[in-house]
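Engineer: Dropping a structure here in structure tokens format, bear with me for questions.
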Amino acid sequence: MLFPPASCQRLVVKVGSALLVGADGAVRRDWLASLAADIAVRHRDGQQVVVVSSGAIALGARRLGLAKGGRGSLEDAQAAAATGQIALAQAWAGLLDDQGLTAAQILVTLGDLEERRRYLNASATLGRLLGLGVVPVVNENDSVATEEIRFGDNDRLAARVAVAAGAGGLVLLSDVDGLYDRNPALPGATHLSRVERIDAAIEAMADSGSASGMGSGGMASKVAAARIATGAGVAMAIASGKVASPLSLAARHTLFVADRTAPARKAWLAGGLTAGGTIHVDAGAAAALRSGGSLLAAGALRIDGRFQRGDVIAVAGPDGTIARGLAEYDADDAARLIGTRSDEQAAILGYAPRAALVHRNHLALL
């Protein structure tokens, strides 16, 4: 059994559209009922379960008769999501009720998990619901989200929810049974049962296509989700959902091993998907950050973007983004301090400078 209750108090289970919605555009009720029964077994064994469920757009598109599965335009997707979310919530609530469980619906947008105060509110709500024995069913609020403020796929949403919920494990149930060293449709493709570290070689194996045509994610989004989850101390598995009772079976899967347990604030920073801007630094500053130091102005090369003090920003070294943190200055003042020593900064700013552009206590390495 993946993530047994004895070793994983809280589990997040993500269900993809291709599993939940049949080719006819209707809910696959028999399969979903078997998953609800799985959740009930885990609940009785003491495990708290959060569900991240796709399917609203696919269900709504059928009811509205929209082409391209409701994804022909942003307006179609929003209309389909608004219509399909009712059917999706009814299906989950009914089938969990059949198992003696109470369901709760939580709809979120990207900002709800990217902005710190709203993230803490979402985390508190999840915690309270789980403490009451409820099964939260989470989905992106596609009816109001625009292209600029969307997660874009429920794989990364599930990873962010797992971090917010304080989960120990995350299962992505999919129409594939894990990661292969190349597209599994190609001859000689080899299945990976365990990934200890996500590096460039692992990312190169991911195929960005969605085999079903219903969902918005592919293997690339799942590997991105694994990076978010494992970096925050949450182990993640990609498992096949093409069988009944997928949580009860030791189905073939790929396990991504949790990197280490990060402090909650740094886990939130590292797992973020947006940034107000970027500070580019030289190799010396990058090495200092990797050794646990703060980002000093002396090692900064240039500033991109418009941000205010306290905004989340990215830090990029010669080889790409290496960290995310909270800005100690707004973009204009940070730009004035580029390349300067601390003893020069008061004269430049006209006030006593802060210790760093980004302090190490508010910095998370990627």
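Engineer: Being of a type in the set (A, V, I, L, M) and assigned to a helix (DSSP H, G or I) is the filter; apply it to the stretch 112-144 and report the residue that is most open to solvent (accessible area, probe 1.4 Å).
Structural biologist: Our first condition is that a residue be of a type in the set (A, V, I, L, M); within the stretch 112-144, this holds for 113, 120, 122, 124, 126, 129-130, 132, 134-135, 137-138, 144.
Filter once more, keeping what is assigned to a helix (DSSP H, G or I): 113, 120, 122, 124, 126, 129-130.
On the way: Leu113: 5, Leu120: 86, Ala122: 23, Ala124: 64, Leu126: 9, Leu129: 34, Leu130: 7 Å².
Result: Leu120.
Engineer: Something else: Could you tell me whether Ala239 is in contact with a His (Cβ under 7 Å, 6 or more places away or on another chain), crowded, with 18+ Cβ neighbours inside 10 Å and more than 21 Å from Leu110 (Cβ to Cβ)?
Structural biologist: Numbers: in contact with a His (Cβ under 7 Å, 6 or more places away or on another chain): yes; crowded, with 18+ Cβ neighbours inside 10 Å: yes; more than 21 Å from Leu110 (Cβ to Cβ): yes.
Spelling it out, Ala239 is indeed in contact with a His (Cβ under 7 Å, 6 or more places away or on another chain), crowded, with 18+ Cβ neighbours inside 10 Å and more than 21 Å from Leu110 (Cβ to Cβ).
Engineer: Can you tell which of Leu120, Leu179, Leu172 is under 19 Å from the mean Cα position of the chain (by Cα), farther than 25 Å from Leu2 by Cα and hydrophobic (A, V, I, L, M, F, W, C)?
Structural biologist: On the way: Leu179 fails: farther than 25 Å from Leu2 by Cα; Leu172 fails: farther than 25 Å from Leu2 by Cα.
Just a single option satisfies the conditions, and that option is Leu120.
Engineer: Would you mention how many residues in the stretch 337-352 are free of Cβ contacts under 8 Å to residues at least 40 places away in the same chain and surrounded by 14 or more Cβ atoms within 10 Å (Cβ to Cβ)?
Structural biologist: Residues in the stretch 337-352 being free of Cβ contacts under 8 Å to residues at least 40 places away in the same chain and surrounded by 14 or more Cβ atoms within 10 Å (Cβ to Cβ): 2 in total.
Engineer: If you don't mind, there's one more thing I want to ask. Name the residue that is farthest from Leu357 (Cα to Cα), counting only residues in the stretch 307-327 that are open to solvent by 30 Å² or more (accessible area, probe 1.4 Å) and charged (D, E, K, R).
Structural biologist: Asp319
Engineer: Separate question: Those residues that are closer than 25 Å to Leu113 by Cα and open to solvent by 40 Å² or more (accessible area, probe 1.4 Å), I need them from the stretch 262-284; list them, please.
Structural biologist: Narrowing the stretch 262-284 to residues closer than 25 Å to Leu113 by Cα: 262-279.
The answer is Pro263, Ala264, Arg265, Lys266, Leu273, Thr274, Ala275.
Engineer: Check whether at least one residue in the stretch 63-80 is on the phi > 0 side of the Ramachandran plot, at pLDDT 90 or above and open to solvent by 50 Å² or more (accessible area, probe 1.4 Å), and report yes or no. Before you say what the answer is, go through the steps one by one.
Structural biologist: Within the stretch 63-80, the subset on the phi > 0 side of the Ramachandran plot is 65, 68-70.
Narrowing further to those that are at pLDDT 90 or above: 65.
Remaining after also requiring open to solvent by 50 Å² or more (accessible area, probe 1.4 Å): 65.
Within the stretch 63-80, one or more residues are on the phi > 0 side of the Ramachandran plot, at pLDDT 90 or above and open to solvent by 50 Å² or more (accessible area, probe 1.4 Å).
Engineer: Turning to a different aspect of this structure: Quick test for you: out of Gln48, Gln9, pick the one residue that is in contact with a strand residue (DSSP E or B) (Cβ under 9 Å, 6 or more places away or on another chain) and surrounded by fewer than 24 Cβ atoms within 10 Å (Cβ to Cβ). Spell out how you get there, then give the answer.
Structural biologist: Values: Gln48 fails: surrounded by fewer than 24 Cβ atoms within 10 Å (Cβ to Cβ).
Unique residue meeting the criteria: Gln9.
Engineer: Run down Leu88, Leu101 and say which single residue is assigned to a loop (DSSP other than H, G, I, E, B) and of a type outside the set (S, T, N, Q).
Structural biologist: On the way: Leu88 fails: assigned to a loop (DSSP other than H, G, I, E, B).
Within the list Leu88, Leu101, the selection yields Leu101.
Engineer: Moving to a separate point now. Determine whether the stretch 291-308 contains at least one residue that is aromatic (Phe, Trp, Tyr) and within 24 Å of the chain's Cα centre (by Cα).
Structural biologist: Applying the first criterion (aromatic (Phe, Trp, Tyr)) to the stretch 291-308 yields 307.
So of that shortlist, the ones also within 24 Å of the chain's Cα centre (by Cα) come out as 307.
Yes, the conditions are met somewhere in the stretch 291-308.
Engineer: Here's something else I'd like to know. Go through the stretch 285-306 residue by residue and tally those that are buried (at least 21 other Cβ atoms within 10 Å of the Cβ) and polar (S, T, N, Q).
Structural biologist: 0
Engineer: Also: Could you count how many residues in the stretch 47-78 are more than 30 Å from Pro4 (Cα to Cα) and in contact (Cβ under 8 Å) with a residue 24 or more places away in the chain?
Structural biologist: Pass one, the stretch 47-78, residues more than 30 Å from Pro4 (Cα to Cα): 57-78.
Imposing the further condition that a residue be in contact (Cβ under 8 Å) with a residue 24 or more places away in the chain reduces the set to 57-63, 69, 71, 74, 77-78.
Residues that pass the stated criteria total 12.
The values are calculated or read from the model by the stated rules, or taken from the named source; none is laboratory data. Quantities reported herein were computed from a predicted structural model and do not represent experimental measurements. Glycine gets a Cβ as well: all are built from the backbone with ideal geometry, and neighbour counts include every protein chain shown. These area figures cover heavy atoms from the full protein model, side chains too; ligands, DNA and RNA do not enter into them. Shrake-Rupley method; radii C 1.70, N 1.55, O 1.52, S 1.80 Å.
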